[in-house]
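*Asks:* Just passing along the structure, written as structure tokens.
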Amino acid sequence: MSREIRRAGVLGAGVMGSAIAAHLVNAGIDVVLLDLEIEKGGRTLNLAAESVKLMAKSKPSPIFVGDWLKRIKTGCFERDLAELKNCDWVIEVVKEDLTVKQALFEKVVPHLRADAILTSNTSGIPIHQLSAALPESLQTRFCGTHFFNPPRYMKLLEIIPGPKTDSGLVDFFVEFGESCLGKGVVIAKDCPNFIANRIGVLAMMGVMRAMIDGEYSIEEVDKLMGPLSGRPKSAVFKTADIVGLDTFAHVADNLYEAATDDEMREHFVLPHAIRAMIDKGILGRKTGAGFYNKVKNDIQTIDLETLTYRERQRANFPSVEILKNVDDLGERLRKLVAMDDRAGNFVWQAMSTVMVYAVNRLGEVSDDIVNVDRAMRWGFSWELGPFETWDVLGVQHVADRLVAEGRAVPELINKMLAKGCDVFYKRENGQPKFLNIDNLTYEEIPGRPNVIILSDYKQSANRVVKTTPGASLVDLGDGVACLEFHSKMNAIGSDTIAMTQYAVKTVESQFDALVIANQGGNFSAGANLMLLLMEAQEGNFEDINLMIAAFQKATSSIRYCKKPVVVAPFGLTLGGGCEYSLHADGVEAAAETYMGLVEVGVGLIPAGGGTKEMLLRHVGGAAKRGEKDLLTPLRRLFETVGMGKVATSAAEAREFGFMRDQDGVTMNLDALLLAAKSRARALADMGYTPPPVPNDIPVLGEPAFAALKLGLYMMRQGGYISEHDQTIGTHLARILTGGALTPGTTMTEQHVLDLEREAFLRLCGERKSLERIQHMLTKGKPLRN
């Protein structure tokens, strides 16, 4: 990248503007946030400063670490526009009103550097109209940069060039957005609401209309149009509540006004009931209630006729139940739309409407299918974009069904089929390709910066060294191998443990380095609890002991491998997944990594070496630095593990001690594998030597044990923990303080591992621990008994 963005100005501190400012801080950029000042209650309020205060309380948080909000410098439009003179990039995020935006631009332009970039986060105002209000010299440095809300968590960034935008600036923002901001970037045309909102809002409006016309309930629609059909868990109406009905209506209204030649224009007219909800101030989560309303622990659903809330009803589709065990989405969709009943007909109507609409928008919103599919996956969290859906349902099959129903088949589809092109995507010699709609030939899918796809490697000849149901060893090239988990939730069971030991031995003899990574939904949710529960209920404690010993042996093999090992955690990295990370020579984590030793939540303690590694980092580290007070870091460690704390970002994982200062963080999850591979390769190139086995871990002994037990007693008396929590905490305290060893002496690593295993086994024999495991398996959340 020839440009560099170190300081950015954000104009507008509303929900979106302030969240964009926070995410720029996440990316290491200094930010100045400006908005109006208003008089309220006899006080002058700076809206930018107030928005930062609100973000400190927001859940989920827009910032990786709460203290980082202090890095946002706030000010007001009236006095502080001069702050923009040192900004490399200024992004406008004020009210969606052309006149308001143009007036602000007029004030801002004199304060911009001659090489500064100016962009707008507009979701619907034509970029060419905004560009026309700017000096000609600035028009080449202006474009649309449309983030999706919330910016920290939503992957999509749409770049919309204006009529005079420099092509180099567009290229820069693609790479900057991907590499620095962690986004999936698509280039959209300057058309009404660009790509994702244009197609996504049509999809939602079509579903709402079909619900009303077909007399479906809100619950039925969300059941059908959620994960069952490859859409997010929030489905349709929960998504609308999250976005805000007023925001949703604004986009729909804008589309109706602007897309005058759209054949589906009437679909953008809001149903009367939804307009009535907005008029009554029922806007979704921002007002406390929308289509759904949470009352204590119960969820109620709105009655669209009376606009009052009723008990949530269970959606009952007997035919759908048989699809629960169909994991492959393509197979599930084909079976679902083939059902001639209320469920199948609804999903077919919803899917086919969007598929046809997406084809008809080609050339208007984008010139290629890849941008459209990416926009819908990244902006609306669909598992498949519309053209990928055409492929899994079968282009010829869908066309035939449209004809049978008397519906128009898009011209492009007829041309494709006439030429023998019956898919939008295909593989040739292992290379993924897409259909160029201009000449109906297949071309290589455009690459993204620093992104490699593990599944592509596995399809290449001789890349898979060994595979089992739970894990595989894959040759990444350049002397680096990858141990990939691929069990359900990437849970660590005997299969994964055995593959770990195989991977280490193979790498020691055939490779230069090992990466432990995968590209599933999460790195690992921890150990296989179902297997553990079954063994405990049967009283097979010797088998459990062997399982724990094998787990410890696997993590130790990672720690003392003769070649460097780098772990690449992301998403949920809990329990055993965290323990794998703790034992690596290096960690390259995705920015969105939620890491913690959460075993106390299921009535256990970390026994795969995790307790030992945390003890080495906190207490052992303090001792090596010559610190005299070892009780303070011990208390901090005891609180982190004993309360099952989970870091909500990789940056916070550093603060908790799950990651070290020298470990890396990658903003873009899709670039994580390459970053981890590069880190492993670098460690190998430096001349790697395994670490020595630590046999000098400080023993704090009985005095520290008593101090920790007193803390547990006080928490129990205060009602903060249960009796069983106290029991678990006592076992943990005993491990951390060295068991029966004499204070002031040292202990070996093996001694701590033995203490871990002993405590784990004892807790497996506790009825309340088994109840916690059972509850987690059946309810998906911890039980505090």
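The values are calculated or read from the model by the stated rules, or taken from the named source; none is laboratory data. Here the structure is a predicted model, which is why all the values come from computation and not from measurement. Cβ coordinates were reconstructed from backbone atoms using ideal geometry, including for glycine residues, and neighbour counts include every protein chain displayed. Calculation scope for accessible area: heavy atoms of the full protein, side chains included, ligands and nucleic acids excluded. Shrake-Rupley method; radii C 1.70, N 1.55, O 1.52, S 1.80 Å.
*Asks:* Counting only Cα, what are the radius of gyration and maximum Cα-Cα distance Dmax of segment 652-706, in Å?
*Replies:* 17.2, 48
*Asks:* Can I ask one more? In whole Hz and in residue order, list the ³J(HN,Hα) couplings for segment 177-191 that follow from phi through the Karplus curve 6.51 cos²θ - 1.76 cosθ + 1.60, θ = phi - 60°; x for Gly and Pro.
*Replies:* x, 6, 7, 9, 8, x, 9, x, 9, 10, 9, 10, 7, 7, 10
*Asks:* Checking the table Lys53/Lys286; Lys223/Lys324; Lys59/Lys488; Lys85/Lys107 against a 20 Å threshold on Cα-Cα, which pairs fail?
*Replies:* Pairs exceeding 20 Å: Lys59/Lys488.
*Asks:* Follow-up question, since we're still on this one. Lys pairs in segment 668-785, Cα-Cα under 30 Å, at least 8 apart or on separate chains: how many?
*Replies:* Taking the Cα cut-off of 30 Å, the pair count is 4.
*Asks:* In whole angstrom, how far apart do the alpha carbon centroids of segment 167-191 and segment 407-454 sit?
*Replies:* Spelled out, the Cα-based centre of one part sits 22 Å from the other.
*Asks:* Between Glu639 and Thr260, 0.36 nm times their residue separation minus their Cα-Cα distance comes to what?
*Replies:* Gain on stretching Glu639 to Thr260: 130.4 nm.
*Asks:* OK, next. Provide the solvent-accessible area of Val600, counting protein heavy atoms only and rolling a 1.4 Å probe, rounded to the nearest 10 Å².
*Replies:* Counting only protein heavy atoms, Val600 exposes about 10 Å² to solvent.
*Asks:* Further question on the same structure: Pairs of alpha-carbon atoms within less than 8 angstrom and 6+ residues apart define the contacts here; what relative contact order does the chain have, in percent?
*Replies:* Rounded, it is 8 percent for the chain.
*Asks:* Of all the Cα-Cα pairs you can form in segment 251-347, what percent are over 18 Å apart? Intermediate results must be reported in sequence, preceding the final value.
*Replies:* Values: 3080 of 4656 pairs.
When all Cα pairs of segment 251-347 are counted, 66 percent exceed 18 Å.
*Asks:* Please compare each pair in Lys233/Lys466; Lys280/Lys335; Lys95/Lys294 to a cut-off of 32 Å on the Cα-Cα distance and tell me which ones are over it. Don't skip to the answer; put the middle values down first.
*Replies:* On the way: Lys233/Lys466 34 Å; Lys280/Lys335 41 Å; Lys95/Lys294 30 Å.
Result: Lys233/Lys466; Lys280/Lys335 exceed 32 Å.
*Asks:* Also: To the nearest 10 square angstrom, how much accessible area does Leu228 have with a 1.4 angstrom probe?
*Replies:* 30 Å²
*Asks:* Could you sort the peptides 635-643, 330-338, 163-171 by per-residue average Cβ neighbour count (10 Å cutoff), highest mean leading?
*Replies:* On the way: 635-643: 19.9, 330-338: 18.0, 163-171: 14.9.
Highest mean packing first, the order is 635-643, 330-338, 163-171.
*Asks:* Under 17 Å Cα-Cα from Lys426, which lysines qualify once same-chain neighbours fewer than 8 residues away are excluded?
*Replies:* Answer for Lys426, where 17 Å is the Cα cut-off: Lys458, listed by chain and number.
*Asks:* What is the distance in Å between the Cα centres of segment 1-54 and segment 509-529?
*Replies:* Cα centroid of segment 1-54 versus Cα centroid of segment 509-529: 38 Å apart.
*Asks:* Still on this structure, please answer the following. Using only Cα atoms, find the angle between the long axis of helix 723-736 and the longest principal axis of the chain, and express it within 0 to 90 degrees, rounded to the nearest 10.
*Replies:* The helix 723-736 is inclined about 70 degrees to the chain.
*Asks:* Given +1 on the Cβ of Lys and Arg, -1 on the Cβ of Asp and Glu, and no further charges, what dipole in debye does segment 645-737 carry about its Cα centre, rounded to the nearest 20?
*Replies:* 80 debye
*Asks:* What aspartates and glutamates could a cross-link reach from Lys40, if we take a straight Cα to Cα line under 15 Å and drop same-chain neighbours fewer than 8 places away?
*Replies:* Within reach: Glu50.
*Asks:* Turning to a different aspect of this structure: Which value, in Å² rounded to 10, gives the accessible area of Arg79 with a 1.4 Å probe and all protein chains present?
*Replies:* Approximately 150 Å² for this residue.
*Asks:* Also, quick follow-up: Which semi-axis lengths, in whole Å and largest first, follow from the square roots of five times the eigenvalues of the Cα gyration tensor of segment 379-427?
*Replies:* Working through the eigenvalues yields semi-axes of 20, 15, 9 Å.
*Asks:* Next question. Per residue of the chain, what 222 nm ellipticity follows from adding -39500 (n - 2.57) for every DSSP H run with n ≥ 4, rounded to the nearest 500?
*Replies:* Value at 222 nm, helices only, nearest 500: -13000 deg cm²/dmol.
*Asks:* Cα-based Rg (one decimal) and Dmax (whole number) for segment 653-785, in Å?
*Replies:* 19.9, 55
*Asks:* Which whole-number percentage describes the relative contact order of segment 319-463, with Cα contacts under 8 Å and a sequence gap of 6 or more?
*Replies:* With pairs under 8 Å counted, the relative contact order is 16 percent.
*Asks:* For P(r) over Cα pairs in 10 Å bins from 0, in percent, several values are listed as (i) 2, 9, 12, 12, 11, 9, 7, 6, 6, 5, 6, 6, 5, 2, 1, 0; (ii) 2, 12, 20, 23, 21, 14, 6, 1, 0; (iii) 2, 12, 22, 26, 20, 11, 4, 1, 0, 0; flag the one computed from this structure.
*Replies:* Among (i) 2, 9, 12, 12, 11, 9, 7, 6, 6, 5, 6, 6, 5, 2, 1, 0; (ii) 2, 12, 20, 23, 21, 14, 6, 1, 0; (iii) 2, 12, 22, 26, 20, 11, 4, 1, 0, 0, the one calculated here is (ii).
*Asks:* So for segment 465-607, averaging the separation of alpha carbon pairs under 8 Å that are six or more residues apart and normalising by length, what relative contact order in percent results?
*Replies:* After rounding, I find 21 percent.
*Asks:* Rounded to the nearest Å, what's the spacing between the alpha carbon centres of segment 219-275 and segment 68-121? Just the number, please.
*Replies:* Cα centroid to Cα centroid, the span is 32 Å.
*Asks:* Go through Tyr309, Tyr216 and list them by solvent-accessible area, largest first, probe radius 1.4 Å.
*Replies:* Tyr309, Tyr216
*Asks:* Oh, and also: Using the per-residue mean of other Cβ atoms lying within 10 Å as a proxy for protection, in what order, highest first, do the peptides 580-593, 372-385 fall?
*Replies:* Peptide ranking by packing, descending: 580-593, 372-385.
*Asks:* Now a separate question. Taking each pair of different alpha-carbon atoms in segment 13-84 once, compute 1/r for the pair, average those values, and report the inverse of that mean as the Kirkwood hydrodynamic radius in Å to one decimal.
*Replies:* Radius from the Kirkwood sum: 12.4 Å.
*Asks:* Something else now. Under 13 Å Cα-Cα from Lys101, which aspartates and glutamates qualify once same-chain neighbours fewer than 8 residues away are excluded?
*Replies:* Hits, sequence-local ones excluded: Asp35, Glu92.
*Asks:* Nearest 10 degrees is fine. How inclined is helix 767-779 to the longest principal axis of the chain, computing both from alpha carbons?
*Replies:* 20 degrees
*Asks:* Could you put Leu33, Leu546, Leu47 in order of accessible surface area, largest first, with the 1.4 Å probe and the full protein assembly present?
*Replies:* Leu546, Leu47, Leu33
*Asks:* Here is a further query. Hey, what's the Cα Rg ratio for segment 55-152 versus the globular rule of thumb, 2.2 N^0.38 Å?
*Replies:* Segment 55-152 yields a ratio of 1.17.
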